[in-house]
1. Is it true that residue 926 is modelled with pLDDT under 90 and under 18 Å from residue 966 (Cα atoms)?
2. Just checking, which of 252, 258 is outside the structural domain of residue 395 (by TED's automatic domain parsing), surrounded by fewer than 22 Cβ atoms within 10 Å (Cβ to Cβ) and touching a helix residue (DSSP H, G or I) at 6+ places or on another chain (Cβ under 6 Å)?
3. Would you confirm, using the coordinates I've provided, whether residue 951 is assigned to a loop (DSSP other than H, G, I, E, B) and surrounded by 13 or more Cβ atoms within 10 Å (Cβ to Cβ)?
4. From 226, 278, which residue is surrounded by 19 or more Cβ atoms within 10 Å (Cβ to Cβ) and touching a residue at least 40 places away in the same chain (Cβ under 8 Å)?
5. Can you tell which of 728, 732, 744 is at pLDDT below 85, under 27 Å from residue 628 (Cβ atoms) and surrounded by 15 or more Cβ atoms within 10 Å (Cβ to Cβ)?
6. Taking the conditions exactly as written (at pLDDT below 90, in a loop (DSSP other than H, G, I, E, B) and over 30 Å from residue 861 (Cα atoms)), does residue 959 satisfy them or not?
7. Just wondering, is there one or more residues in segment 575-583 that are touching a residue at least 60 places away in the same chain (Cβ under 8 Å), surrounded by fewer than 17 Cβ atoms within 10 Å (Cβ to Cβ) and within 25 Å of residue 655 (Cβ to Cβ)?
8. For residue 509, only one of the following conditions fails: (1) surrounded by fewer than 23 Cβ atoms within 10 Å (Cβ to Cβ); (2) part of a helix (DSSP H, G or I); (3) over 15 Å from the mean Cα position of the chain (by Cα). What is its number?
């Protein structure tokens, strides 16, 4: 069957040739025709123009006849059956106009044939074409433009009839037509009233056609051979009723046929042979089942001969000038073709099945461009489905299965890779093809959800194929551009291509397939997701660090996944589960998580490296105040440079989650800065580092310049605290170095604020959806480091002040002030040295607020030192009431130094811290009796005791106040008079000397 259409297309070169001026006759070529006969017959041949299409092959579903019969032989045989059937049915036999009556000069040219070879009722719309949705042929459209009425008049003059149209459509020459009709007239004359189904037509024609009816013996012999082969196929190879093994008729038939192959049988001379042949043929043809009508001969109704012959007849319905169109007169032609049903054993169901396959095969063989043919084939197949119970017969069932399988094999070959063949220009063909495939599958398979499963398979297979092609294309393109440094990664390009493929699938193919599969787009997205996921998994297995390729591919994969999921969800929004079943089959790529993990690893590597550098920087740091004009440590400059570079590199990463991963970077850098800050302040000491241990209380007398210790008392304020001597901090940093530490911590705090502001700007630029939630985190990103800087600056300022006063200036304060007589050891030397330190601090600490803080702590240390000298100066110091004015004057000099005529610290700040000192100095103006009474009063009040009870020794609180018992007691201890000495002796048994 496929060869028939192949030959027609391959033979189109003859039909494309220029037309002959002789009569329009199609050559009857047989396998045994001699070259001379062929030449003489083809002399009057005219070609019919047909477009040439790409040819595809479909195996015939009807099977092999088992004997070599050419397509021309089948066509002539089918035409004989048609003519014979039409002559023996109905009240109006086909009109016969002999060749001589037509005249050679009336033979139309190619264009004339195309316009005239139509039935007289061609102006009426074809019911068949209208029912199946078939378009008008191109030749019919041209005729309409020219006017139908004139065309009808021309056909009337020529006597063109349905029979003439069929002859031309079947490519039968007038000579052959005339020969057949003459033989049928002889048969009719000899067997008047007999119907075509009651005779064996090839046998009758074999007997009636003489050698004189042919141009030469070779042609006569070829016709006899054709008849004998048809009889052998119809009676022996594919009989209507199986042959009996005991019957010798087949053997005798083959003996006669072999003789005829060597020499023609002359009906006049070989009468006995003819009669024997007739007897054998009739004995075989008249066998029938009980249901057959009496007198019926069965010679052409066995399968597959009848289907092959009927297929040949149906091919006449196609326009000779437009191989993809059905002729306008198809209703009349089919009416005549159906008259052959009695001979061929056909019925409506077989007709629908056969015609459906013919239409389908014509669509395939003509380049798969005409969707109307598929639609018509589907419509006829639907009628087959309505009468499926008719095909329960084993023979009919086998025919149905082979036909449907033939159709299904080809359609599935297309649909399993539908993106290879279908596009926007022929998408209608795909819709019809899917309908045919689904209908064929449902007829063949008695299963539930056949259509759903088939479409599901088509989608998955086609998308896998499309993905593979995209992959090959991308790899090939990558190979050609491998020397280009900036060329994107293969998987990145592939992700973009797959995304385009997905949107194209959703727009073009999914709407069609959704008719049979509710999740068509979802399955397509699932398939693409799976295909890309496999490639991505291989890529991910080779990633162990953050690289440009890794980020590029993972970002592309993440975007692709979002596109696929979005399409799948939208496609399933109206389904029962809302697309959950599809989404559950799409295991996430987790590209964002992978990017996040890689970035976290990248952050961890940078943080670890920074920690290592900080340790190295601090080991080499000498806190040189002259290292730079900012008086900050070179190490802090390097640390902050690395921090800035880390931020810069982070925000340059082409990732979508900067705001999500920024806290990880901040936390890592914050820990590094905390490490630097803690190590910076760790060796600088504190207030307790430099304040000396308080000496034990003694009492003094007027005659004793130096008091003596009788017993030692550990003050509560000193308990639990390490007591450092003055020499314990000899290896600590100098005051200028401490100032560098202070500057460095302040610089860190300032730079962190700058980094936070820059980070906010970068986030806004990178992420348009930068939210208030992120903005609210500003100021908290380096909260721990900033807090440590504040605490470190406080500690360092305090350490600087107390180191300067109690360590560096100890010989002028602790070891010099008021030793012996007050008048001989005033505060001038201490103030001179302290002023030098204040100048050093002022020139080294660059920030005004920090400088004020440092000097304030120096002032506080000076005030504390001054009080310690007065209240805990040890046995080398004693005071009399008259010394109070000198001491107040010295303290005034001390406060004036920090006020510096208004250029120093604010007066209110000085007054605030000087208040406690002044209040204690007021005690030095009081006489001993008043001090004793005041001491007793506060002790009774604070201890809720009787006035006459023994007074306990008050603890040292470290808060020097005139109402504080320990402060009053210490003033009495250092008061050099008899009254104080007696009170201390009596109350606490403190001796005057050791």
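1. no
2. 252
3. The answer is yes for residue 951.
4. After applying the criteria, what remains is 226.
5. Unique residue meeting the criteria: 732.
6. no
7. No, because not a single residue in segment 575-583 is touching a residue at least 60 places away in the same chain (Cβ under 8 Å), surrounded by fewer than 17 Cβ atoms within 10 Å (Cβ to Cβ) and within 25 Å of residue 655 (Cβ to Cβ).
8. In the conditions (1) surrounded by fewer than 23 Cβ atoms within 10 Å (Cβ to Cβ); (2) part of a helix (DSSP H, G or I); (3) over 15 Å from the mean Cα position of the chain (by Cα), residue 509 misses (1) alone.
The values are calculated or read from the model by the stated rules, or taken from the named source; none is laboratory data. Because the structure is a prediction, the values reported are computed rather than measured. We place every Cβ from the backbone using ideal geometry, glycine too, and count neighbours over all the protein chains shown.
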